[in-house]
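**Student:** Sharing a structure below in structure tokens format, with a few things to ask.
The values are calculated or read from the model by the stated rules, or taken from the named source; none is laboratory data. Because the structure is a prediction, the values reported are computed rather than measured. Quick reminder, even Gly has a Cβ in these numbers, built from the backbone with ideal geometry, and neighbours come from all protein chains shown. Just the protein is used for accessible areas: all its heavy atoms, side chains included, with ligands, DNA and RNA removed. Shrake-Rupley method; radii C 1.70, N 1.55, O 1.52, S 1.80 Å.
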Amino acid sequence: MHGTTARKQNRSRRGAAVAAVVGASLALAACGSTKDTGAAGAEGGGSGKVGVILPLLTSPFWQSYNDYVPQMADSEGVDALKTVNSNSDPSQQITDINNQLNQGVKGLVVAPLDSAAIEAGLDQAERKGVPVVAVDVAPDKGKVAMVVRADNVAYGEKACQYLGEQIPSGKVVQIMGDLASVNGRDRSEAFRACVKKNFPKLKVLEIPAKWESDTAASKLDTLLNANPDIKGIYMQAGGVYLAPTLQTLKSKGMLKKAGQAGHITIVSNDGIPQEFDAIRKGEIDATVSQPADLYAKYGMYYIKAAMEGKTFEPGPTDHDSTIVKLSSGILEDQLPAPLVTRDNVDDPKLWGNTVK
């Protein structure tokens, strides 16, 4: 879900980014016009400890989110426990949820690693009447009060559009996330479909990398050996793919700065400071800024609302986003995620420019 720490994961497990669930069957009202159902989902009537479960901490994106959590909990009036790191292990994440429930938390904010596997944890929370908010990743099944997430389909489309406008024809690579995560699926399918529809002279090559930096590096190296004429790269997560991608290109003498002959156009996702620095240096060209600060802020906002029995309806919010109803029936607040290029990389409003 970012000087970048490469993530090594030796398990063949899923990984990726944010989740949540609600304990009772909540009716649905507009953001900004929340309504109190009179039946708080948690037993404390809106008070009590909140557990916060992270997917991993080896990515600068999740490190930043982790840093924002206590700040945003304080600003939203939420009594959040120290965060728990599931260390890229979906089964450990279910154990972490159960441990938090056994500690008597009245709410949970979870960033799911696996969109399907997280259902077991959500079911446990529902049985105990504990509402859950999912961050970054929507569950395939299970009850959540709200999913706090940006539009991941738009991520893939923005990357496609940017590369297509820079490259008239040739081969481009998308380094994909874990397809067990809805984020990996949305970004991959959107990029693929957009290229096919709008830029038919581009040929898409794909690297399934499961959000693993080592996997990305080794598979990119192999792909470049067979395809030295690559013209563009789409990295679905700069936090785990930026460093290995640049290192692999550099080792092959293929890391040319923007404007130089042979430059490979690179667009990323995350919006971490390291990506911004790479844009300034001309090493990569663009990234979609995934709002780590707003994920923490609205994760806390919605879990507090759920614990107080408040519900929401689809529609525009008062914070420049839109709540939509997913095919599963749960609600998702789709936060804004702007494209960052050399033109706006120094914008002080971007969270990646506020991280010390």
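To keep it simple, each residue is scored yes or no on (1) touching a Lys or Arg at 6+ places or on another chain (Cβ under 8 Å); (2) at pLDDT 95 or above; (3) of a type outside the set (A, V, I, L, M).
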{"site": "Asp79", "(1), (2), (3)": "yes, yes, yes"}
{"site": "Ser86", "(1), (2), (3)": "no, yes, yes"}
{"site": "Gln93", "(1), (2), (3)": "no, yes, yes"}
{"site": "Val109", "(1), (2), (3)": "no, yes, no"}
{"site": "Ile118", "(1), (2), (3)": "no, yes, no"}
{"site": "Val133", "(1), (2), (3)": "no, yes, no"}
{"site": "Gly142", "(1), (2), (3)": "no, yes, yes"}
{"site": "Ala145", "(1), (2), (3)": "no, yes, no"}
{"site": "Gly156", "(1), (2), (3)": "yes, yes, yes"}
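**Student:** Could you check the range 238-269 and list, in sequence order, the residues that are of a type in the set (A, V, I, L, M, F, W, C) and out of contact with any Phe, Trp or Tyr (no Cβ under 6 Å at 6 or more places or on another chain)?
**Tutor:** Of everything in the range 238-269, those that are of a type in the set (A, V, I, L, M, F, W, C) and out of contact with any Phe, Trp or Tyr (no Cβ under 6 Å at 6 or more places or on another chain) turn out to be Leu242, Ala243, Leu246, Leu249, Met254, Leu255, Ala258, Ala261, Ile264, Ile266.
**Student:** Within the range 226-237, can you find the residues that are closer than 19 Å to Glu189 by Cβ and open to solvent by 30 Å² or more (accessible area, probe 1.4 Å)? Full working, then the answer.
**Tutor:** Looking only at the range 226-237, we keep the residues that are closer than 19 Å to Glu189 by Cβ, and these are 232-237.
Selection gives nothing.
**Student:** Hey, Tyr298 hits all of (1) open to solvent by 10 Å² or more (accessible area, probe 1.4 Å); (2) in a strand (DSSP E or B); (3) closer than 25 Å to Val182 by Cβ; (4) not polar (S, T, N, Q) but one; which does it fall short on?
**Tutor:** With (1) open to solvent by 10 Å² or more (accessible area, probe 1.4 Å); (2) in a strand (DSSP E or B); (3) closer than 25 Å to Val182 by Cβ; (4) not polar (S, T, N, Q) applied to Tyr298, the lone miss is (2).
**Student:** Being in a strand (DSSP E or B) and under 16 Å from Val288 (Cβ atoms) is the filter here; which residues of the range 173-198 pass it? Steps first, please.
**Tutor:** Within the range 173-198, the first condition is being in a strand (DSSP E or B), and the residues that meet it are 173-176.
Gln174, Ile175, Met176, listed by residue number.
**Student:** If you go through the range 102-124, how many residues are open to solvent by 10 Å² or more (accessible area, probe 1.4 Å) and touching a strand residue (DSSP E or B) at 6+ places or on another chain (Cβ under 8 Å)?
**Tutor:** The qualifying residues number 3.
**Student:** Could you tell me whether any residue of the range 320-330 is within 15 Å of the chain's Cα centre (by Cα) and either under 28 Å from Ile264 (Cβ atoms) or open to solvent by 10 Å² or more (accessible area, probe 1.4 Å) (or both)?
**Tutor:** No, there is no match, as no residue in the range 320-330 is within 15 Å of the chain's Cα centre (by Cα) and either under 28 Å from Ile264 (Cβ atoms) or open to solvent by 10 Å² or more (accessible area, probe 1.4 Å) (or both).
**Student:** Additional query: For the range 168-189, enumerate the residues that are open to solvent by 10 Å² or more (accessible area, probe 1.4 Å) and more than 15 Å from the chain's Cα centre (by Cα).
**Tutor:** Pro168, Ser169, Gly170, Lys171, Glu189
Residues checked against (1) part of a loop (DSSP other than H, G, I, E, B); (2) at pLDDT 90 or above:
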position	(1), (2)
Arg13	yes, no
Ala24	yes, no
Ser33	yes, no
Gly38	yes, no
Ile53	no, yes
Tyr65	no, yes
Lys82	yes, yes
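**Student:** Still on this structure: Condition first: of a type in the set (Gly, Ala, Ser) and surrounded by fewer than 16 Cβ atoms within 10 Å (Cβ to Cβ). Now tell me which residues in the range 202-225 satisfy that.
**Tutor:** Ser218
**Student:** If I ask for residues that are under 17 Å from Ala337 (Cα atoms), open to solvent by less than 10 Å² (accessible area, probe 1.4 Å) and not in a helix (DSSP H, G or I), which ones from the range 238-294 would you list?
**Tutor:** Scanning the range 238-294 gives Val267, Ser268, Asn269, Asp270, Gly271, Ile272, Ala286, Thr287, Val288, Ser289, Gln290, Pro291.
**Student:** Select from the range 125-149 the residues that are outside any strand (DSSP E or B), small (Gly, Ala, Ser) and either open to solvent by less than 10 Å² (accessible area, probe 1.4 Å) or in contact with a Leu (Cβ under 8 Å, 6 or more places away or on another chain) (or both) and list them in ascending order.
**Tutor:** Ala125, Ala138, Gly142, Ala145
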